[in-house]
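Here's the structure, in structure tokens; my notes come after.
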Amino acid sequence: MPLKQTILMVEDELDLAEVFSLKLREIGYDVLIVPDGKTGLAMIKQKKPSLVLLDLVMPEMDGYEVLKAIKGDKSLSGVKVYAWSNLTQKDEIERAEKLGVDGYLIKSDYTPTTLSEKIKEVLNK
């Protein structure tokens with residue numbers, strides 16, 4: 001049996017992360033949640049998850065800084081990173097894309113079910 005794929009949610013709104021993670025766990029993913037970028041980066045280095053859902057606006061270390069650190073670390077080159085944000089401004093999306101994000105998901109566009117479908121699609125590519 002293949003190992004469960006791990007999704008790391010780096011999200012400071014823990015209630016929101018918990019709601020979305022329930023559906024992801026229900027369909028078979030291992031989901032880890034961390035509340036800030038600094039902890040998130042340490043967890044990414046330790047666990048090397050299949051996918052990181054990275055909030056951009058967080059305390060300690062924002063998502064842009066985490067993204068820069070991930071993309072600057074060759075040992076993390078296989079980790080897919082999707083921005084998971086409510087920032088909808090074109091310049092914020094372009095900033096994340098320039099830093100090498102694999103995709104940009106606007107939180108308000110997703111329900112737990114539609115997010116789980118999107119993640120299945122992303123991880124099966």
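List of remarks:
- MET58, MET9, ranked by accessible area, largest first (probe 1.4 Å): MET58, MET9
- Per-residue ellipticity at 222 nm, computed for the chain from helices alone with -39500 (n - 2.57) per DSSP H run of at least four residues, works out to -13000 deg cm²/dmol.
- Under 5 Å from the amide H of TRP84 lie the amide H atoms of LEU54, ASP55, LEU56, LEU105, each residue being 5 or more positions distant or on a separate chain, with H modelled from the backbone and absent for Pro and chain starts.
- With contacts taken as Cα pairs under 8 Å and at least 6 residues apart, the chain reaches a relative contact order of 24 percent.
- Here the dipole of the range 55-110 is about 220 debye; that uses its Cα centre as origin and unit charges on the Cβ of Lys and Arg (positive) and Asp and Glu (negative).
- Straight-line cross-link reach from LYS118 at under 19 Å between alpha-carbon atoms covers these lysines, not counting any fewer than eight positions away in the same chain: LYS4, LYS23, LYS80, LYS107.
- Extreme residue, positive dipole direction of the range 1-62, given options VAL52, LEU41, GLN5 (C-beta unit charges): GLN5
- The chain: C-alpha gyration tensor shape, a/c 1.5 cut-off, then a/b vs b/c: rounded
- Between LYS47 and GLN89, the distance separating the two model label sites (each 7 Å from Cα on the Cα→Cβ line) works out to 3.1 nm.
- Label point at GLU13 placed 7 Å out along Cα→Cβ; residues across the range 85-101 whose backbone nitrogen lies under 20 Å: 85-94, 96
- For the range 1-73: Kirkwood Rh in Å [reciprocal of mean 1/r, alpha carbons]: 12.3
- Where GluC sites (Glu not before Pro) fall in DSSP loop in the range 65-125, at most 15 other Cβ within 10 Å: none
- Here the chain is assigned +1 on the Cβ of each Lys and Arg and -1 on the Cβ of each Asp and Glu. Its dipole about the Cα centre then comes out at about 680 debye.
- Between VAL34, VAL66, VAL19, the Gaussian network model of the chain with springs among Cα atoms under 10 angstrom shows the greatest mean-square fluctuation at VAL19.
The values are calculated or read from the model by the stated rules, or taken from the named source; none is laboratory data. Just so it is clear, the structure is predicted and the values come from calculations on it, not from any experiment. Ideal geometry is used to build each Cβ from the backbone, glycine not excepted, and the neighbour counts take in all protein chains shown. Heads up: the accessible areas ignore ligands, DNA and RNA and are worked out on the full protein's heavy atoms, side chains in. Shrake-Rupley method; radii C 1.70, N 1.55, O 1.52, S 1.80 Å.
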